1. Filter the range 84-93 down to residues that are surrounded by 13 or more Cβ atoms within 10 Å (Cβ to Cβ) and not β-branched (Val, Ile, Thr) and give me whichever is nearest to VAL16 (Cα to Cα).
2. So, in the range 48-83, of the ones that are surrounded by fewer than 17 Cβ atoms within 10 Å (Cβ to Cβ) and aromatic (Phe, Trp, Tyr), which residue ends up nearest to the chain's Cα centre (by Cα)?
3. So, restricting to helices (runs of 4 or more DSSP H) that lie completely within the range 50-115, which ones have at least 1 residues that are among the aromatic types (Phe, Trp, Tyr)?
4. Mind listing whichever residues of the range 69-115 are among the charged types (D, E, K, R) and over 15 Å from THR30 (Cβ atoms)?
5. Scanning for something of a type in the set (S, T, N, Q), surrounded by fewer than 16 Cβ atoms within 10 Å (Cβ to Cβ), part of a helix (DSSP H, G or I) and over 10 Å from the mean Cα position of the chain (by Cα), does the range 3-10 turn up at least one residue?
6. Among the residues of the range 26-49, write down those that are without any contact (Cβ under 8 Å) to a residue 12 or more places away in the chain and more than 12 Å from LEU95 (Cα to Cα).
7. Any residue at all in the range 27-35 that's more than 13 Å from the chain's Cα centre (by Cα), among the hydrophobic types (A, V, I, L, M, F, W, C), in a helix (DSSP H, G or I) and under 28 Å from ILE112 (Cα atoms)?
8. In the range 27-72, how many are closer than 20 Å to PHE103 by Cα and β-branched (Val, Ile, Thr)?
Amino acid sequence: MTAPESPSPIASVDTVRKALTGYRVMAWATGVWLIALCYEMVMKYGFGDDSLGWIAVVHGWVYFVYLLFTANLAVKVRWPIAKTVGILLAGTIPLVGIIVEHFQTQKIKAQIGLS
C-alpha cells in the first residue's frame, strides 16, 4: 500500500510562489511581533509598565493579515481544513509559526518543483 499523495495545487506555479512569499513574510512578521508581545506582557505584569500597550494592537493586526495570507496559500495548494487550522494556530505560539513556516515551505517547494 502506498502513501496518499498530496493533492496537486489548483493554481499556477507563479501564483503559488507569490502566495508562498506572502505567507513566509507574514509568518516571520507574526513571530517577531508575538515575541514583542511577550516582552510587553512581562513589562506590564512583571514591572507595572503600561507604556508598551500599542504592541498588542500592532500584533493583532499583523496576525490578522497572517490569517489572510495563510488562507490564501491554503486554497492555492489545497491544504485540508484541519492542516490549515493547525497552521493558523501555529502563529499564536512564539517561534512555532516560524518553524512551521520553514517545514511547510520545504514541502510546497518540493510539491511544485520550486528551488
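Where a number appears in this text, it was derived from the coordinates with a stated rule and is not lab data. Note that the coordinates shown come from a computational prediction; the quantities given were computed from them, not determined experimentally. No Cβ is skipped: glycine too gets one built from the backbone with ideal geometry, and neighbour counts run over all protein chains shown.
1. Step by step, filter the range 84-93, then rank; the result is LEU88.
2. Taking the candidates together, the pick is PHE64.
3. Fully inside the range 50-115 and qualifying: 54-77, 96-112.
4. Across the range 69-115, the qualifying residues are LYS76, ARG78, LYS83, LYS107, LYS109.
5. no
6. Correct list: MET41, VAL42, MET43, LYS44, TYR45, GLY46, PHE47, GLY48, ASP49.
7. Step one: filter the range 27-35 for residues more than 13 Å from the chain's Cα centre (by Cα), giving 35.
In the following step, the residues that additionally are among the hydrophobic types (A, V, I, L, M, F, W, C) were identified as 35.
Subsequent filtering for residues that are in a helix (DSSP H, G or I) retains 35.
Going one step further and asking which of them are under 28 Å from ILE112 (Cα atoms), we end up with none.
No, the range 27-35 has no match at all.
8. So the answer is 3.
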